[in-house]
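The values are calculated or read from the model by the stated rules, or taken from the named source; none is laboratory data. Note that this is a predicted model, so its numbers are computed, not measured. Glycine gets a Cβ as well: all are built from the backbone with ideal geometry, and neighbour counts include every protein chain shown.
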Amino acid sequence: MPVIDVEDVEVEFGHGANSRLALREVTVRLDEPRIGVIGANGSGKSTFARLMNALITPTGGSVRIDGLDTRKQAKEIRRRVGFCFTDPDNQIVMPTVAEDIAFGLRRRGLTRDQIQARVDSALLAFNLSDHRDHPAHLLSGGQKQLLALSSVLVTEPDLLVMDEPTTLLDLANSRAVSQVIAELPQQVILVTHHLDLLEDFDRVLVFADARLVYDAAPEQALAYYRGLVAP
Ligand SMILES: Nc1ncnc2c1ncn2[C@@H]1O[C@H](COP(=O)(O)OP(=O)(O)OP(=O)(O)O)[C@@H](O)[C@H]1O
Ligand SMILES: [Mg+2]
């Protein structure tokens, strides 16, 4: 598993009177396979997730993935860390479903047949085989979410960071995604408001008011979070 080292991180957006601290004094070292991130709206979860692949760099402190500094080695880090957005429209870049999945495999030294084989198995794993040559933008919200996940997973990242990937999914697809996550060999960081997804996770981080306020096994962390909401 990659080792994630977050050291005294602060993230400030904006300047002067309009500035806002989205994260403050966050220090944590993560090397477990399954890490959940929970907390109220605006508590800093997405900001934390985006630090992992250098979508956001800290304004104070540092984030290192296996020793690589997200400020200095963003390119290497993005090869190892896959990121899945909440809104799949942010992520779909090619006209058809199969082309979108194949897009992430360019410039990796794979043959056309190898790319085809990987795309086919990704389509199968995410129930998208029937939509292979359909325009990606015409998929339903949930199908787009599945496409976004497969487009990231097909690149076989060492760490997969997902920011609320099941928000748009129906019960069956939400279970399917949960099952896929459970079986992934990769390290996973999952930001979610669907607390039941985290039952079998190794560790859950709770954010509140821009701080990491609790860090424990799922049962304790979920109880702590529920306590914050209804003390
Ligand atoms: N690009 C940005 N510019 C300015 N402020 C931002 C930006 N991104 C986030 N923020 C602010 O940082 C704080 C934390 O936002 P963040 O998106 O990390 O919260 P979150 O925990 O993911 O919330 P949610 O559960 O609603 O997704 C919020 O107050 C938000 O307004
Ligand atoms: Mg968020």
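Yes/no per residue for (1) more than 16 Å from ligand 2 (Cβ to nearest atom); (2) touching a strand residue (DSSP E or B) at 6+ places or on another chain (Cβ under 9 Å); (3) within 20 Å of M52 (Cα to Cα):
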position	(1), (2), (3)
A182	yes, yes, no
L190	no, yes, yes
H193	no, yes, yes
D202	yes, yes, yes
L212	no, yes, yes
### Query
Restricted to the range 155-186, and to residues that are within 16 Å of ligand 1 (Cβ to nearest atom) and among the β-branched types (V, I, T), which residue is surrounded by the fewest Cβ atoms within 10 Å (Cβ to Cβ)?
T167
### Task
Taking G67 as meeting all but one of (1) within 14 Å of I4 (Cβ to Cβ); (2) surrounded by fewer than 21 Cβ atoms within 10 Å (Cβ to Cβ); (3) in contact with a helix residue (DSSP H, G or I) (Cβ under 9 Å, 6 or more places away or on another chain), write down the number of the exception.
(3)
### Query
Does V152 meet the test of being surrounded by fewer than 20 Cβ atoms within 10 Å (Cβ to Cβ), outside any strand (DSSP E or B) and away from ligand 2 (no atom under 16 Å from the Cβ)?
no
## Note on the structure
From the option list E99, E25, E32, single residue qualifying as touching a strand residue (DSSP E or B) at 6+ places or on another chain (Cβ under 6 Å) and among the acidic types (D, E) is E32
### Query
helices (runs of 4 or more DSSP H) wholly in the range 1-111 with at least 1 residues that are within 16 Å of ligand 1 (Cβ to nearest atom), of a type outside the set (D, E) and at pLDDT 95 or above - which ones?
45-51
### Message
For a quick check of your reading of the model, give me the residue pairs whose first member lies in the range 128-143 and is touching a residue at least 24 places away in the same chain (Cβ under 8 Å), whose second is among the hydroxyl-bearing types (S, T, Y), with beta-carbon atoms closer than 7 Å and at least 6 apart or on different chains.
### Response
L128/S150; D133/T96; H134/T96; P135/T96; A136/T96
